[in-house]
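Notes follow the structure.
Only the coordinates and a few stated rules stand behind these numbers; no lab work does. Since the model is a prediction, treat every value here as computed from it, not as a measurement. Cβ sites come from the backbone with ideal geometry, for glycine too, and all protein chains shown count toward neighbours.
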Amino acid sequence: MYLYDAWYVAAWDHELGGAPLARTLLGMPLVLYRAGDGRAVALDDRCCHRRAPLSKGKVVGNDIQCGYHGLQFDPGGACVRVPSQSTVPPGARVRSYPVIERNRWVWVWMGDPTAADASQIPDLFWHDSPAWVAVTDRFHVKASYQNLIDIQLDQTHSRYVHPTSLGNDGAVATPPKVRRDDRTVRCERLMPNADPPPIWAKIGDFTGNVDHWIKWVYYPPAAISFDVGVYNVGTGAFEGNLTHGISVRNSHSCTPETATTTHHFWVAARNFKLDDPEVHRAIGAIRNTFLEDVAIVEATEQRIADDPAAPTIDVNADHPTIQARRLLARLIEEAAGRRAAE
Ligand code: FES
Ligand SMILES: [Fe+2]
């Protein structure tokens, strides 16, 4: 079940160049391209003539030309040219989707275009601020987007899935504060005088315990941001003195491709030692850490598929996950209610 009236990350901005890009979101095949005037365009990837994928065609000016019989569609999806005749049949068009590029991500609104609300896109400034340097990638994950979101929302997994990079005892021992409002789930785990995760100990040159926090926000349906702080104990970091340690921001978009596969766009950004290749390499290694997430989530997905009705239990650490699922379920229900009332 999907929330259609929502923005989903469909691509990195640099993925839209001269050639059309085929990408399936929420089970719907889309073609994405950059028009001649620079704007990003998303259309149904199915020509309204004989249903060839438009992604097999080519960009012509601001339009896309089908690679089968040459029909041409403008960024709004209207057919503007049929090469074999002088007129365009009435109603010849494909569906077009609202698109916004922000912080290097290409967001597509998958529902009713009249409801598209740009203010719902989170501000992920660390993707492209000159004060930050970001390591980025996109994974294709053979698991549902909800299962991939689950692992992001519960960091107690880090101790076991990422013991050599992000794992620490502090996150397991410290329950987070969780706050849910109409559009987000906001969580924070403050860990004074805690053992630093190995990767931050190395990068920040910490030799003993640290004051450590993880603050994270779930923006339904599919985005999560992280603010991670690692500072020398007792130097006032929790009170806002950020001079004795390091801060990191991460983002994840777990964009559903189908019910059982996901496009995972991620960013790991820092605002310290911007030109240090050693630090860049060390943070770049977080790619392997995120691949550990993929491995456990894909294996879990397989077990779920083997027996979807197998009973499960919840534990206290599931609090953020449960709140996130409730919020998403409520938004899906409200959207269904709006459609029924129309
Ligand atoms: S199928 Fe696209 S032009 Fe014929
Ligand atoms: Fe993880």
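Summary value for the chain: 17 percent relative contact order, contacts being C-alpha pairs under 8 angstrom separated by 6+ residues. Note on residue 1 and residue 338: the model spin-label points, each 7 Å out from Cα along the C-beta direction, lie 1.7 nm apart. The convex hull around the C-alpha trace of segment 213-342, projected and averaged over every direction, spans 12.0 square nanometres. Summed over all non-identical Cα pairs, the Kirkwood treatment of the chain gives a radius of 21.8 Å.
The simple Förster model, with R0 at 30 Å and r as the Cβ-Cβ distance, assigns residue 239 and residue 310 a FRET efficiency of 0.05.
Report, in whole Å, the centroid distance computed from the Cα atoms of segment 305-327 and segment 194-251. First find each Cα centre; the distance between them is then 27 Å. Using the Cβ-Cβ distance between residue 300 and residue 188 with R0 set to 35 Å, the FRET efficiency from 1/(1 + (r/R0)^6) comes to roughly 0.85. For segment 7-119, the alpha carbon positions stretch 43, 28, 25 Å along the principal axes, listed from largest to smallest.
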